[in-house]
Every structure is written in structure tokens, then in C-alpha cells.
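In what follows, a structure is listed as C-alpha cells, so that the remarks can point back to it.
The values are calculated or read from the model by the stated rules, or taken from the named source; none is laboratory data. These numbers were taken from a predicted model, which means no experiment stands behind them. When we count neighbours, we look across all protein chains shown, and the Cβ atoms used for this are built from the backbone with ideal geometry, even at glycine.
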Amino acid sequence: MQFEDDAFVLSSRPHGETGAVVHFLTLAHGHIAAHVPGGASRRIKPFLQPASRVRLSYRARTSDHLGSATIEPEGDATSLIFDDPMALIGVQCACVMTRAVLPEREAYPGAFHAFDALMSGFAMPEVWPYIYVRFEMGLLEAVGFGLDLSSCAVSGSRDDLAYVSPRSARAVSRREGAPYKDKLLPLPGFLLSSQGGVQADDLRRGLDLTGYFLERHIFHPLNQPLPEIRTRLIDAVRES
């Protein structure tokens, strides 16, 4: 098995004296892990930071073996946000969640393009947190657990959608959901339309919404909590 592909680094850990095992999100081959010879060296290590954009050359004996990879850097996605601690948390969180949610060796080109758009969005401090929530929604959709916000699950109406059913992941209108609002999840307007406007606490509600379904479908079946870095992101949002 051999290929070249565009990729983002998701994580890296030392392996042996000079190598590293690196997880990548690739355009055409999805989430893969590979041994990068010299990955712990002073020359290559700086290019294996989370969200670094690289050109990947991958080789493995079979699809079941850990392959070996060499990289060519294609720019530093985080170079413009080193002075923004909240954005750096967001970058790390995006990498951790992508690695946790997407199975290895399955192609998710939509997730790659969404990750690329999110990385560009980090240059806009007032905007990127909302892009991040949409990114998590995209991860859920990619693995078959997408939210259906197109119409009310009860009436079929597309108007005044205000809640999401925790059971069906479908939107519910304000009128239909009023008697059960304590059991429903609030639906922030910015997830319905770019023209939906932003209300107080919408960002926190958006993170709570995606977090609920990520925990239910991805982490709870593995008997794991949501990653600690995501809790740090929520705390940073609340303090901002």
C-alpha cells in the first residue's frame, strides 16, 4: 500500500530514539497513523505540531500494518494565533476530537475540507468558535449521527425551530416543544442559518448540544468521558 496525500497533523508521540507515531487527517485516505522516521528530531518535530499542514508520502506492507511516512511541510496552520490562548485551545480540541471521532482508514474528504476551513477561521477571533460548533456537527454527520435541523419533528414546520430532541436528534419548534422544553436541548439560531443572529449564551448552548451527541454516540459506548481539552474550551468560552 503506497500513496501521497495532503494531510493535517492531529497528534504526535515519540517512538523509539528518533521516530514518532503520528496521526494524520488526509484528504483522500481519512484518518491514518504512521511511523515518521526522525519525527522526534529537531529538524522534523516542529512540523508535527497539531494542525500542521503537510504533504504525506505513505507506505505500508498491508493495510493492516502501521505504515511509514515522510512529510513535506506546507505551512503552519497555527502560526497566526500563537498569541491567542483560546484559539490555541480550539486548535488542539479540533485535532483531539477529529482523531477520536473518525475511524482510521476510512475516507472523509468532507471532514478534511471542514477542518481546513476551521483552521482558516481561527484567524477571526469573533467568528471561529461558531465555526467550531458547526465543525463538530459535521463530525457527527460524517460518522452517521448527524442532527436533522431541517424541520420540526412533530409538525413538519420549518418556522421558529427552538429545540432539539435528545432522542431523535431532530429539531422541534418553539410551539410544539413548549410543554417539554425542560427535556429538550436548546437550539441556537446560528446553527440554522448564517443569518440567524447570535443571542447571549448561544455559543455555550451550541457546544452543549454537540457535546451531548458526541458523548452519547462516540464516547459513552467506549466508556470514556469527553476529552479534557474540550472542557477547557468550554471554560475558555464562558470566561471570554
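Just one of the listed residues (V133, V172, V143) is surrounded by fewer than 19 Cβ atoms within 10 Å (Cβ to Cβ), modelled with pLDDT of 95 or more and among the β-branched types (V, I, T), namely V143. Does H65 fit the bill of being out of contact with any helix residue (DSSP H, G or I) (no Cβ under 8 Å at 6 or more places or on another chain), on the phi < 0 side of the Ramachandran plot and not assigned by TED's automatic domain parsing to the domain that holds E228? Answer is yes for this residue. The residue of segment 1-27 that is modelled with the lowest pLDDT, among those that are more than 21 Å from A100 (Cβ to Cβ) and among the hydrophobic types (A, V, I, L, M, F, W, C), is M1. Counting residues in segment 40-50 that are in contact with a Leu (Cβ under 8 Å, 6 or more places away or on another chain), closer than 30 Å to R134 by Cβ, at pLDDT 90 or above and outside the structural domain of G110 (by TED's automatic domain parsing) gives one or more. A Cβ distance below 7 Å, combined with a sequence gap of six or more or placement on separate chains, defines the contacts here; from segment 37-52, residues that are free of Cβ contacts under 8 Å to residues at least 24 places away in the same chain reach residues that are of a type in the set (S, T, N, Q) in the pairs G38/T18; S41/T18. The test for being touching an Asp or Glu at 6+ places or on another chain (Cβ under 9 Å) and either assigned by TED's automatic domain parsing to the domain that holds R53 or surrounded by fewer than 17 Cβ atoms within 10 Å (Cβ to Cβ) (or both) holds for S155.
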